[in-house]
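No lab work stands behind these numbers, since they all come straight from the coordinates. Please read all numbers here as calculations on a predicted model, not as lab measurements. Using ideal geometry, Cβ is built from the backbone for each residue, glycine included, and neighbour counts are taken over all protein chains shown.
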């Protein structure tokens, strides 16, 4: 991998840049022009023993506009120079028959100098799936900003040869963007093993970016010291430590957040109804929106604004929910939540739920709730209850729980029921799972309530789907919605 002089904070890819006009197909080879003022990328290529290597092509390829390529060949002293002009994220690569090197650079117009090390190359293989039981054939798989590219065979298998060791981004292009999103994995390549981690959204490419900048006050002796000692990127290290690993090399496309989505309440704007009450609109139109009681304004949230509910007198209710859950065989509830710890004990307090509040004629369906002293929960717990809508009871036997300590902070909570099991996720990580007896939701006229309990709660970006998303989908959406590595 590339040994770099200084690590700088990465910039994420610019959304929509794929529509830009290609300005340059291939940068000119400037006579090994290391000394030319036009060379914004300049450096020296060496092997693991520190020997300079002559006659090796070096390429800088734009991440988004992959037809923008700058090329040079190292001179007798192993030096190269590239006249990069278009700002953005680049892959910098070089390879021989058995050695290779790759790194990603964000170019902001500042001259950048490198000491790069060619290392023994490896083979990178794996499989791509649309869903756990459906292989994805004919899929483009590549390392962005490089010429390492292939397509999956009929079994979903891919193979890339002559890959340098280190941490690399690997991208699999979605064959159907309506249902699936591009999958980006952090791949840790070594002689002993290859580990895939992710998926993460494409706008997190910046986590792979490191850069080398030499100012006028610095000299190249510093470069030699860093070459011998090596350097690593803190963001990349964080990905390796915190993003779930896929040891089996089975890469799964994340489901589009729009797939199966019935309702989405961003909580960014308040509307006024004909009766002069406030409501939060449903961005997908699946419901008539959340009617608010005791609430006149929104507060600062995790993404933008948030619905803040303080005590039982402030709550939201969806009275015309258009039977979006009738006959459902799966359910996914996602939300950024900021909860204050209740002062009392022995309670079950609804946060979001389709339920009544004590009538014998209630037809309860689900509730995401804080629980203590019920259902054998001694500690304050987050619980997800599911029912078929035929009675007034959300039973403990059909609920999944986790001890909850994330008070007074924003947490991305995901609750999933797939007709067999219920699961809870906190910040993209599964924390609890349990088999349940509910296989299908019937018909229920109960409203969906937000709050209406003695609890102080903020909600942001709430989504309700009638599909059960998988573990990789949950993790992907956590990052997509602003979660931090």
Checked the stretch 261-480 against the a/c 1.5 cut and the a/b vs b/c comparison, axes a ≥ b ≥ c from its Cα gyration tensor; verdict rounded
1/(1 + (r/R0)^6) with r = Cβ-Cβ of residue 454 and residue 203, R0 = 45 Å, i.e. FRET efficiency to nearest 0.05, evaluates to 0.70
Expected sort for 257-268, 148-159 on mean C-beta neighbours within 10 Å, highest first, is 257-268, 148-159
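How high is the FRET efficiency from residue 396 to residue 190, r the C-beta distance, R0 60 Å, rounded to 0.05?
Computed FRET efficiency for residue 396 and residue 190: 0.80.
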On the formula 1/(1 + (r/R0)^6), with r taken between the Cβ atoms of residue 326 and residue 110 and R0 of 41 Å, the FRET efficiency rounded to 0.05 is 0.10
Heads up, the stretch 377-443 by the C-alpha gyration tensor (a ≥ b ≥ c square roots of eigenvalues; a/c under 1.5 rounded, else a/b over b/c prolate, else oblate) looks prolate
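Could you sort 131-139, 340-348, 474-482 so that the peptide with the highest average Cβ count within 10 Å comes first and the rest follow in order?
Answer by packing, highest mean first, reads 474-482, 131-139, 340-348.
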Each label sits 7 Å from Cα toward the beta-carbon; between residue 153 and residue 85 the label points are separated, in nm, by 4.5
Contour minus Cα-Cα span, residue 310 to residue 340, at 0.36 nm per residue, comes to 9.8 nm
If the chain between residue 361 and residue 179 were fully extended at 0.36 nm per residue, the gain over the current Cα-Cα distance would be 61.6 nm
Two pseudo-spin positions, 7 Å from Cα along C-beta at residue 303 and at residue 71, lie apart in nanometres by 4.4
Subtracting the Cα-Cα distance of residue 276 and residue 51 from 0.36 nm times their residue separation yields 73.3 nm
Restricting to Cα pairs under 8 Å and 6 or more apart, the percent relative contact order of the stretch 70-205 works out to 17
